[in-house]
Every structure is written in structure tokens, then in C-alpha cells.
Amino acid sequence: MTSRSNKEWYFGVVIIATDPPNEFVRTVQMVEALGFDYIWVADSSLHARDAYAYLTLCAQHTRTAKIGISVTNPFTRHPAVIANAIATIDEISGGRTILGVGTGDRPQQELGFRPARVKEMQEWITLVRQLFSGEPVSYSGDHWQLNNAVLNCGWRREIPIQVAASGPRMLELTGSMADGGIVRVGMAPEAIDYAFRHLAIGAEKVGRSVEEMDIGFLVNCCLYRDRARALREARLDTAWYLQTAPKIAQVVGVPEDTIRSVQARYTGGHLNEAHAAASSIPDELAQRFVLAGTPEEAREFIRHIGEKGVRRFEIFAIGPDWREIVRNFGEQVIPAFR
């Protein structure tokens, strides 16, 4: 859902900056030309090139798409450093940036940081917003200190902060504090309902509605003309969900023995490690978590969840041929909604 304009549907894509700079530039130009409204660069610590440097390239080589970090975390960079970085990119882009933040996952943990708690996320969002105000900020907390700090940059506004969320507490935090959300709960109607329900709980606490927010649903995407290949890759992604998001699996109705079987054979690392765990996952279950199959199927899946109120839909294409997935989506899915 979004209040940005009267446009009915918005589409976005997340890119991990693993390519050399020139190749990355060609990719983001292709993505914008395909009609994507949002381009996100993943903040993957040492797993990829620096996200803020590459987001700067994106700002310079695109013209219309909203661009953002999907997502930074509260610990690996000081919130004031992040605020300054994203405000600088906002100036370069002509006011098109969004700051995405989440609790953090494996790349962050490799650097010795645990995932952030809800209270820490609240504190972080508050500090960054105060810095965006342009007023001096002084603060002394357990994690961050500011002493009469002022953001000196040519930003144009208070940059939107969107929170990555899948669990109930983070969804409710998103509803109560964020300008928007990057919701990752899969494709099942039950999961979409669950997400909107908890977003609404948070929004109601501060006297607003979810309809006032810019909420995007992010899904892993395996989209090929070769349906068997798409579903084979989607089963790997589904194993990741069952390992890392068992609450969502329960909401969707995945049997407990299936969840335990996957968790026993896959620890949640690289998808190449998930083959044994994924081998027994049915295709129908994979399609409840991953946008998988042919472009024709993808169009029907998106129309179906659109009936739940989803209007911003974003893809994370994973695998050696992820550009083909993005191109298939841009050429064969987006035009059906424009």
C-alpha cells in the first residue's frame, strides 16, 4: 500500500552488489528501463561491495526509480554515519532515497554483532529522525552517544525510514514508528493476512492506518520459462524460510515434522547447503513461500495476493541467473499491471 500517487501497483527489486562497478551500473539501468519503481541495494557487510558506494552509483545512473538500502542494521555503522551517508546519496539522487533498516542477520553476526532488539530499533529510528531534523542532538545510551551532533548535508527532507519485518513484534514496530515497511513473509494468503494484522496493531497505537504507509512485500523469486528449474531453485529458498522463519511456517500451516526435518539438515547458511533439506519439499509448499514458476503463474499469484491489499511487490532474485529472473519479471509480469 502506498499514498505516493494514484498509481495502482509498484514493483521493486533487491540487488546484492557482487558485480564490478560497470556491470552494476548496466544492471540498475536495465532494471529502471524494465519499469521497476524501486531499486534496493543490499547491505551485506563483507559479502558484497559496500552498499552505500554502490547506492551512490545507482543514484548517478538512474533517473526515476526510488532507491534505498535494503537493509542496513543498527550496529555495524553508527546511526549518525548512516544518516549522513543516506542524506548525501539523497542529495546526489535528487531526493529519491529511502533508508531501510532491519535487525540484522548472518553477515552482521560474522562481524561479532547480534541481531538488534525491538527497543534498540526504536532507539535507533528515533536518533536518526532527530538527526534528519537538522537540529543538534545529544544522547547517551548503552550503544550510541551523540554530543551536540548536527547533520550538515544538502538533504531536502526527512528521509523515509522503512523497517524490514517478518515477526509480530517487528511488524508492530513498523506500524507504529516507520514510514513504510519491507515485509518478508512469503506468498501464502494466511501470511499476508498475518502481516497486515500486526502492522495494523502497531499503526492503531499511534492513531493511524496501514493505508497511510508505504508497505512493500518482498519475496524471493525464481521465474523461468523452464518451470521445473524454477521450482527446483524455489525449494532451496523454501528451506531457508523453514529454518530462519519458523513462525511464518506455522502461520502458513506447514506440518511441524516438515519444519523439524528441514531444520535438522540445514543450518540457514548459503543456499548451496540446503539441497538435502530441500529435496523433500513439495512444489506446492515452495510456491507458498517463493514467487516461483512461469511468468504466467507469477501474474496470477500477484493478482491473488493483490486481493489482500498488497500494492507494492518486490522481488529478490537469487541464483547464478538472477538477471534472467529480473528480466523475465520486468518484461513479462510488470506490463500486465500497467
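Identify, from the list Ala276, Ala286, the residue that is assigned to a helix (DSSP H, G or I), of a type in the set (Gly, Ala, Ser) and farther than 19 Å from Leu218 by Cβ.
Numbers: Ala286 fails: farther than 19 Å from Leu218 by Cβ.
Answer to the check: Ala276.
Taking the options Gly102, Gly112, name whichever one is in contact (Cβ under 8 Å) with a residue 24 or more places away in the chain and of a type in the set (Gly, Ala, Ser). Let's see the steps before the verdict.
Working: Gly112 fails: in contact (Cβ under 8 Å) with a residue 24 or more places away in the chain.
After applying the criteria, what remains is Gly102.
With the requirement that a residue be exposed (fewer than 15 other Cβ atoms within 10 Å of the Cβ) and in a helix (DSSP H, G or I), what does the stretch 315-338 give you?
Within the stretch 315-338, Glu324, Glu331, Pro335, Ala336 meet the criteria.
Is it fair to say Ile69 is free of Cβ contacts under 8 Å to residues at least 40 places away in the same chain, among the β-branched types (Val, Ile, Thr), closer than 30 Å to Ser140 by Cβ and crowded, with 22+ Cβ neighbours inside 10 Å?
Against the criterion (free of Cβ contacts under 8 Å to residues at least 40 places away in the same chain, among the β-branched types (Val, Ile, Thr), closer than 30 Å to Ser140 by Cβ and crowded, with 22+ Cβ neighbours inside 10 Å), Ile69 qualifies.
Modelled with pLDDT of 95 or more, of a type in the set (D, E, K, R), surrounded by fewer than 20 Cβ atoms within 10 Å (Cβ to Cβ) and assigned by TED's automatic domain parsing to the domain that holds Leu218, is that true of Arg169?
Spelling it out, Arg169 is indeed modelled with pLDDT of 95 or more, of a type in the set (D, E, K, R), surrounded by fewer than 20 Cβ atoms within 10 Å (Cβ to Cβ) and assigned by TED's automatic domain parsing to the domain that holds Leu218.
Over 16 Å from the mean Cα position of the chain (by Cα) and either crowded, with 17+ Cβ neighbours inside 10 Å or among the polar types (S, T, N, Q) (or both), is that true of Ser176?
So Ser176 passes the test.
Per-residue answers, yes or no, for (1) of a type in the set (Lys, Arg); (2) assigned to a loop (DSSP other than H, G, I, E, B); (3) in the same structural domain as Gly167 (by TED's automatic domain parsing); (4) in contact with a strand residue (DSSP E or B) (Cβ under 6 Å, 6 or more places away or on another chain):
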residue: Val185; (1), (2), (3), (4): no, yes, yes, no
residue: Ala191; (1), (2), (3), (4): no, no, yes, no
residue: Phe196; (1), (2), (3), (4): no, no, yes, no
residue: Ala200; (1), (2), (3), (4): no, no, yes, no
residue: Glu204; (1), (2), (3), (4): no, no, yes, no
residue: Gly207; (1), (2), (3), (4): no, yes, yes, no
residue: Glu211; (1), (2), (3), (4): no, no, yes, no
residue: Phe217; (1), (2), (3), (4): no, no, yes, yes
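Only one of Arg260, Arg227 is at pLDDT 95 or above and charged (D, E, K, R); which? Give the steps one after another, and end with the answer.
Working: Arg260 fails: at pLDDT 95 or above.
One residue alone meets the criteria, Arg227.
Can you work out which of the residues in the stretch 230-250 that are surrounded by fewer than 20 Cβ atoms within 10 Å (Cβ to Cβ) and at pLDDT 90 or above is farthest from Phe316 (Cα to Cα)?
Here the residue is Gln250.
For residues in the stretch 256-272 being surrounded by 15 or more Cβ atoms within 10 Å (Cβ to Cβ) and under 25 Å from the mean Cα position of the chain (by Cα), which is nearest to Ala317 (Cα to Cα)?
Going through the qualifying residues, I end up with Leu271.
Does at least one position in the stretch 236-256 carry a residue that is of a type in the set (Val, Ile, Thr), without any contact (Cβ under 8 Å) to a residue 60 or more places away in the chain and closer than 25 Å to Arg311 by Cα?
Yes, that holds for at least one residue.
Which residue is surrounded by the fewest Cβ atoms within 10 Å (Cβ to Cβ), if the candidates are limited to the stretch 85-140 and must be in contact with a strand residue (DSSP E or B) (Cβ under 7 Å, 6 or more places away or on another chain) and among the small types (Gly, Ala, Ser)?
Once the filter is applied, the top-ranked residue is Ser138.
The values are calculated or read from the model by the stated rules, or taken from the named source; none is laboratory data. Every value quoted in this text rests on a predicted model; they were computed, and no experiment measured them. Here the Cβ is made from the backbone with ideal geometry for all residues, glycine too, and neighbour counts use every protein chain on show.
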